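Enquirer: For reference, the structure I am asking about is given below.
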Amino acid sequence: MKDRAYRFPTGFLWGTATSAHQVEGNNTQNNWWAWEQEPGRILQGHRSGRACDWWAGRWREDFDRAAEAGQNAHRLSVEWSRIQPAPDRWDEGALEVYREMLQGLRARHMVPMVTLHHFTDPLWFAERGGWEREDAPQRFAAFVEKVVEGLGDLVSLWCTINEPNVLAYMAYLEGTFPPGEHSLRKALRVMVHLLRAHAAAYRVLHRRQPHARVGMAIHYRGFVPARPHSRWDRWVARMLSRLFNDFFPYAAQTGVLLFPWGRRREPELQGTQDFVGVNYYTQDRVQFDVRAVDAFFARRFYPPDADLSDHGFIANEPEGMYRALHWAYAFGVPVFVTENGVEDADDDLRPRYLAQHVHQVWRAVQEGLPVQGYFHWTLVDNFEWDRGWTQRFGLWALDVDTQERRKRPSADFYAAICRSNALRYEDVARYCPEVLHRVFPQASTVG
Ligand code: FCB
């Protein structure tokens, strides 16, 4: 029984995910850099600064870390504002740096997945109205054209837009991301433009690269009715899921936009995804609340006994991963877990979070779901947007001032998973014995 293992199919991709602004440093030409300079925008006044110093070349040592840890893939993003610093100017030097990075991945036998938009916009784009403008999709498509022309020989796995649902929510409803708006009307408008930008990018990529595989990374949030027997809780959970989770992949599959009040067809969106990328972190309990008008009549919370992360940001809810993969499968294309991880400076929760989530991925794979890879968020602690450096998601810890990296135990645990292409009993027993009986229920009773 002790050699029990949940084995993954040959060729399964194991990696970590990163994004340009969070790791490169000195991205001075984008809207986030400007946002960070405004008082009160980022927790404790933190700034991205040098970040993980990748632009100065530290990607090399971090890619070494990833490769030595058995990872065979890596998801990174290219920074639009570096490649197109002004509407009429392309920076070939910046593209060259990305070429080096992608060659660096390939030399280390890691498959690159490249994200074309991960939350940041060039300042010039933001200043002329950003995603609210009707012509934003064409602007984005021109950038994508330039990228595929410059990097297309090195990558064929593309993620057009990271978490368009989170972007619309945080930037246009909650107002914690730039441009800090609170307008449902604007959020919906931006959602439509992001979808059109995705579809335009899909076409550009496939025209230039017929074998390309193109998708979005959608933040899937589980919404579980707090009182399963309440029709109202079930209704509100469904409504939130439809608006937040379904909107983007459903439109890319069917060409139908699911608005809160009804549907609208946009045929050119149809059939524009070759995979669904799932970013899964946690799930909420939701209860109908007639007073919560601004929150779509939902009160969202974690169960009182939840296994919470450092700042209570994430509850360890692994079954939500299983549900997320079933949800993604319904769109009829292969699935990647494009992000999953937890903030945990001391690494006391991460090992069991990792084991339990990878176990749920395996369950889905075992049932025949076409899940083709898993990217852990993230390799090295990085700049966590409005939460600054307060949240530590890295397999490696980072001292932001000295740039020193320190390996957390989870890095070794994840390496064991990647190298063996399996979640093994012995590794769970070693790194997180407290969940051994849950992850290997039969084995642990037999001994
Ligand atoms: C996701 C983002 C990613 C990172 C993680 C923790 O929503 O895509 O950039 O911030 O959360």
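The values are calculated or read from the model by the stated rules, or taken from the named source; none is laboratory data. These numbers were taken from a predicted model, which means no experiment stands behind them. Methodologically, a virtual Cβ is constructed for each residue, glycine included, from the backbone with ideal geometry; neighbour enumeration extends over all protein chains shown. These area figures cover heavy atoms from the full protein model, side chains too; ligands, DNA and RNA do not enter into them. Shrake-Rupley method; radii C 1.70, N 1.55, O 1.52, S 1.80 Å.
Enquirer: Which residues' amide hydrogens lie under 5 Å from the amide hydrogen of Val224, considering only partners 5 or more residues apart or on another chain, with H built in the peptide plane?
Expert: Asp284, Arg285, Val286
Enquirer: Compare His182, His21 by solvent-accessible area with a 1.4 Å probe and give them largest first, with all protein chains kept in place.
Expert: Result of the area sort, largest leading: His182, His21.
Enquirer: Determine the order of Glu319, Glu384, Glu132 by accessible area, beginning with the largest, at a probe radius of 1.4 Å.
Expert: Glu319, Glu132, Glu384
Enquirer: Could I ask something else about it? Quote the accessible area belonging to Leu240 in square angstrom, nearest 10, computed with a 1.4 Å probe and with ligands, DNA and RNA left uncounted.
Expert: 20 Å²
Enquirer: Just how far, in whole angstrom, is region 134-160 from region 393-447 if you go by their alpha carbon centroids?
Expert: Computed from Cα coordinates, the inter-centre distance equals 36 Å.
Enquirer: On to the next question. How would region 229-324 be classified by its alpha-carbon gyration tensor: rounded, prolate or oblate, with rounded meaning a/c under 1.5 and the a/b versus b/c comparison settling the rest?
Expert: oblate
Enquirer: List every residue whose amide H lies under 5 Å from the amide H of Arg408, counting only residues 5 or more places away in sequence or on a different chain, with H placed 1.01 Å from N in the peptide plane.
Expert: Trp396, Ala397
Enquirer: In whole Hz, with x marking every Gly and Pro, tabulate ³J(HN,Hα) for region 70-80 from phi via Karplus 6.51 cos²θ - 1.76 cosθ + 1.60, θ = phi - 60°.
Expert: x, 6, 10, 7, 8, 9, 10, 10, 9, 9, 3
Enquirer: Right, something else. With label points built 7 Å along Cα→Cβ from the Cα atoms of Gln103 and Arg406, find their separation and express it in nm.
Expert: Placing both labels 7 Å along Cα→Cβ, they lie 3.6 nm apart.
Enquirer: Taking 0.36 nm per residue of separation and subtracting the Cα-Cα distance, what length does fully extending Arg238 through Leu184 add?
Expert: 17.6 nm
Enquirer: Shifting gears a bit: Round to a whole angstrom and tell me the spacing of the C-alpha centers of region 193-244 and region 70-130.
Expert: 23 Å
Enquirer: Summing Lys, Arg as +1 and Asp, Glu as -1, what charge do residues with Cβ under 12 Å from the Cβ of Glu268 carry, Glu268 excluded? Write down the numbers at each step before the final one.
Expert: Values: positive: Arg196, Arg203, Arg265; negative: Glu266.
Residues close to Glu268 contribute a combined charge of +2.
Enquirer: What is the extension gain from Asp64 to Asp399, computed as 0.36 nm multiplied by their sequence separation minus the C-alpha to C-alpha distance, in nm to one decimal?
Expert: Net length gain for the segment: 118.8 nm.
Enquirer: Now for a different question. Would you tell me the accessible area of Thr10, worked out with a 1.4 angstrom probe on the heavy atoms of the protein chains, in Å² to the nearest 10?
Expert: Looks like 140 Å² after rounding.
Enquirer: When the accessible area of region 2-446 is split by element with a 1.4 Å probe, what percent falls to carbon and sulfur?
Expert: C and S atoms contribute 50 percent here.
Enquirer: Can you give the accessible area per residue of the chain, in Å², using a 1.4 Å probe?
Expert: Heavy-atom SASA per residue in the chain reads 38 Å².
Enquirer: What figure, in Å² to the nearest 10, do you get for the accessible area of Asp121 with a 1.4 Å probe and non-protein molecules left out?
Expert: 10 Å²
Enquirer: Here's a follow-up. Put +1 on the Cβ of each Lys and Arg and -1 on the Cβ of each Asp and Glu in the chain; which of Leu167, Leu258, Ala201 then has its Cα farthest toward the positive end of the dipole?
Expert: Leu258
Enquirer: Could you work out the local net charge near Ala67, counting Lys and Arg as +1, Asp and Glu as -1, over the other residues with Cβ closer than 14 Å to its Cβ? Numbers along the way, then the final one.
Expert: Numbers: positive: Arg60, Arg65, Arg106, Arg108, Arg419; negative: Glu61, Asp62, Asp64, Glu68.
Residues near Ala67 contribute +1 overall.
Enquirer: Could you work out [θ]222 nm for the chain from helices alone, using -39500 (n - 2.57) per DSSP H run of at least four and dividing by all its residues? Round to the nearest 500 deg cm²/dmol. Walk me through the numbers before you get to the answer.
Expert: Numbers: 17 runs with 168 residues, N = 447.
Computed mean residue ellipticity for the chain: -11000 deg cm²/dmol.
Enquirer: Which whole-Hz ³J(HN,Hα) couplings does region 277-285 yield from phi under the Karplus relation 6.51 cos²θ - 1.76 cosθ + 1.60, θ = phi - 60°, glycine and proline marked x?
Expert: Running phi through 6.51 cos²θ - 1.76 cosθ + 1.60 with θ = phi - 60° gives x, 10, 9, 10, 10, 6, 9, 10, 8 Hz.
Enquirer: Per residue of region 403-414, what does 6.51 cos²θ - 1.76 cosθ + 1.60 with θ = phi - 60° give for ³J(HN,Hα)? Whole Hz please, x for Gly and Pro, Karplus curve as stated.
Expert: After applying 6.51 cos²θ - 1.76 cosθ + 1.60, I find 6, 6, 9, 10, 6, 8, x, 4, 5, 5, 5, 5 Hz.
Enquirer: Here's a follow-up. Can you tell me which of Ala51, Ala107, Ala416 moves the most in a GNM of the chain? Springs connect C-alpha atoms under 10 Å apart.
Expert: Ala107
Enquirer: Something else now. Long-range amide H contacts for Gly373: which residues qualify at under 5 Å (H placed 1.01 Å from N, peptide plane, sequence gap of 5 or more or a different chain)?
Expert: Close amide H contacts, sequence-distant or interchain: Leu13, Val337.
Enquirer: Multiplying the sequence separation of Arg203 and Asp346 by 0.36 nm and subtracting their Cα-Cα distance, what value in nm do you get?
Expert: Length gained, Arg203 through Asp346: 47.1 nm.
Enquirer: Explain nothing, just the number: dipole magnitude of the chain about its Cα centre with +1 on each Lys and Arg Cβ and -1 on each Asp and Glu Cβ, in debye rounded to the nearest 20.
Expert: Value, rounded to 20: 1400 debye.
Enquirer: Okay, moving on. From the residues Val342, Gly394, Phe247, which one has its Cα farthest along the dipole of the chain in the positive direction, the dipole being from +1 and -1 charges on Cβ of Lys/Arg and Asp/Glu about the Cα centre?
Expert: Phe247
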